[in-house]
Amino acid sequence: MSGTMMAVVYHGKGDLRFEERPIPTILDSRDAIVKVGMSSICTSDFHIRNGAVPRARENVILGHEFAGEVVAVGDAVKKIKPGQRVAANVETFCGECWFCKQGFVNNCVQGGWELGCRIDGCQTEYVRVPFADNGLTVIPDSLAYEDVIMLSCILPSGYFGAELAEIKPGDTVVVLGAGPVGCTTMMSARLFGPACIVAVDPIGERLDFAKKNGWCDVTVNPNEEDLEAVVKGLTDGRGADSVIEVAGGKNTFETAWKVARPNGIVSLIAMYEEAQSLPLHLMYGKNLTFKTGGVDACHNDVLMKLIEGGKLNCRPLITHTMPLNDIMHGYDIFEHHLDGCVKVAITPYER
Ligand SMILES: NC(=O)c1ccc[n+]([C@@H]2O[C@H](COP(=O)([O-])OP(=O)(O)OC[C@H]3O[C@@H](n4cnc5c(N)ncnc54)[C@H](O)[C@@H]3O)[C@@H](O)[C@H]2O)c1
Ligand SMILES: [Zn+2]
Ligand SMILES: [Zn+2]
């Protein structure tokens, strides 16, 4: 296959362009080429555009959330076959290095967050996926692209945040931020059996949306209520057993450790654009555990089964659908939460 395709390309801080790029080809025997059937835009794409992701490379096609059809595979690809419908993983990983063997795929010595960051991603028409047997999950016939598009990044990220939080049955969990990743965090947290999930966001309609979908039990708008007082009221004055920070706001790191109970866990999934302050003297004796991370997306097979079994449903997050032709408009409404936008699904380019 040869020719060109349309793509969103990062040309340096503040400079995204929708332009023509060559269609990719197999470069390594473990590669696959996937024709994009549906893609999306992640808040992390804005962090790249804003120059806040040091590992990002200029001239790269953005996008790391997609599903599509395999059109070619290299000789060493064993599981994935041309013609299959697949959901991609944000992480590129070899599966063989020390980090991969522990499940720490974000730190794979040959990969990590590569797609749409260091190598060309999916806000285009075709993608080269390295280590295709690890980076792609076959989609069961019963599921549509809309059901699995979040499996690339925001669902594993939410699951990762919930896993780091070590939630136990009966716990009270605070989730800071009810954006798309906040929502996948809440639905993943449910799998671990907490008694109460508290969603926090200054945008009332995002709180209502999370509550309506059954992802949280209590909602708090921090501009209208005293969050610490609400959480203490729910926990006999102790504070939250765990707090998952998926807002990345000006003061949300501080809120996270303040609302956690002594000996609680603070799970940090938000990607900050600025340094945060860790005033250890103010939390002395609180004995908190902080965990941070870029997603170790190593459970995508399990998450696919949970979607198939109806235990996880990310479909309501798609509030807008548009062809690749309109993706720059998609960036605008997604970034500014216009028209109730939570997540944008991008369908193939229309010629
Ligand atoms: N760790 C990872 O691997 C990983 C993966 C994907 C996304 N992320 C990051 O997760 C974060 C969330 O992503 P998203 O797409 O949901 O972003 P988003 O901007 O849509 O959502 C953030 C939410 O936080 C809310 N918020 C702002 N100030 C707040 C406050 N003071 N208290 C509570 N909520 C507040 C906002 O109103 C918004 O709804 C981003 O920083 C993104 O880059 C990390
Ligand atoms: Zn992402
Ligand atoms: Zn590896």
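Computed from the coordinates by the stated procedures, all read-outs in this text should not be read as laboratory data. Small disclaimer: the values here were computed from a predicted structure and weren't measured. Heads up, the Cβs are rebuilt from the backbone with ideal geometry, glycines too, and the neighbour counts pull from every protein chain shown.
Diffusion coefficient (Stokes-Einstein, Kirkwood radius over C-alpha pairs, 20 °C, 1.002 mPa s) for region 113-184: 145 µm²/s, rounded to a whole number. Annotation: Cα Rg of region 40-194 relative to the compact-globule expectation 2.2 N^0.38 Å equals 1.08.
When each of C97, C42 is scored by the number of other beta-carbon atoms lying within 10 Å, the sequence from fewest to most is C97, C42.
Comparing mean-square fluctuations of N223, N59, N106 from a GNM of the chain with C-alpha springs under 10 Å, the top value falls on N223.
The separation of region 230-244 from region 126-173, counted between C-alpha centres, amounts to 28 Å. Between L151, A210, A165, the Cα set farthest toward the positive side of the dipole of region 118-235 (charges on each charged residue's Cβ, about the Cα centre) is that of A165.
Can you list which of the GluC sites (Glu not before Pro) found in region 84-126 are DSSP loop residues with at most 15 other C-beta atoms within 10 Å? Please list the in-between numbers first.
Numbers: sites: E91, E96, E114, E125; in loops: E96, E114, E125.
Qualifying residues, ordered by number: E96.
Quick check on the exposure proxy: order M187, M1, M6 from fewest to most C-beta atoms within 10 angstrom. Write down the numbers at each step before the final one.
Working: M187 27, M1 10, M6 18.
The fewest-first ordering by Cβ neighbours comes to M1, M6, M187.
Enclosing the Cα atoms of region 1-104 in their convex hull gives a volume equal to 125 cubic angstrom per residue.
With Cβ to Cβ distances under 14 Å as the rule, what net charge do the other residues near V60 carry (K, R +1; D, E -1)?
+2
Against the globular-protein guess of 2.2 N^0.38 Å, express the Cα radius of gyration of region 158-292 as a ratio, rounded to two decimals.
Values: Rg = 13.2 Å, N = 135, 2.2 N^0.38 = 14.2 Å.
Here the Cα radius of gyration is 0.93 times the empirical estimate.
Report, to one decimal in Å, the Kirkwood hydrodynamic radius for the chain based on all distinct Cα pairs.
Details: mean 1/r = 0.0487 Å⁻¹.
Evaluated over the chain, this radius sits at 20.5 Å.
Placing +1 on the Cβ of every Lys and Arg and -1 on the Cβ of every Asp and Glu, with no other charges, gives the chain a dipole of roughly 640 debye about its Cα centre.
In what sequence do R55, R190 fall when counting other Cβ within 10 Å, fewest first?
Values: R55 11, R190 19.
The most exposed by this proxy come first: R55, R190.
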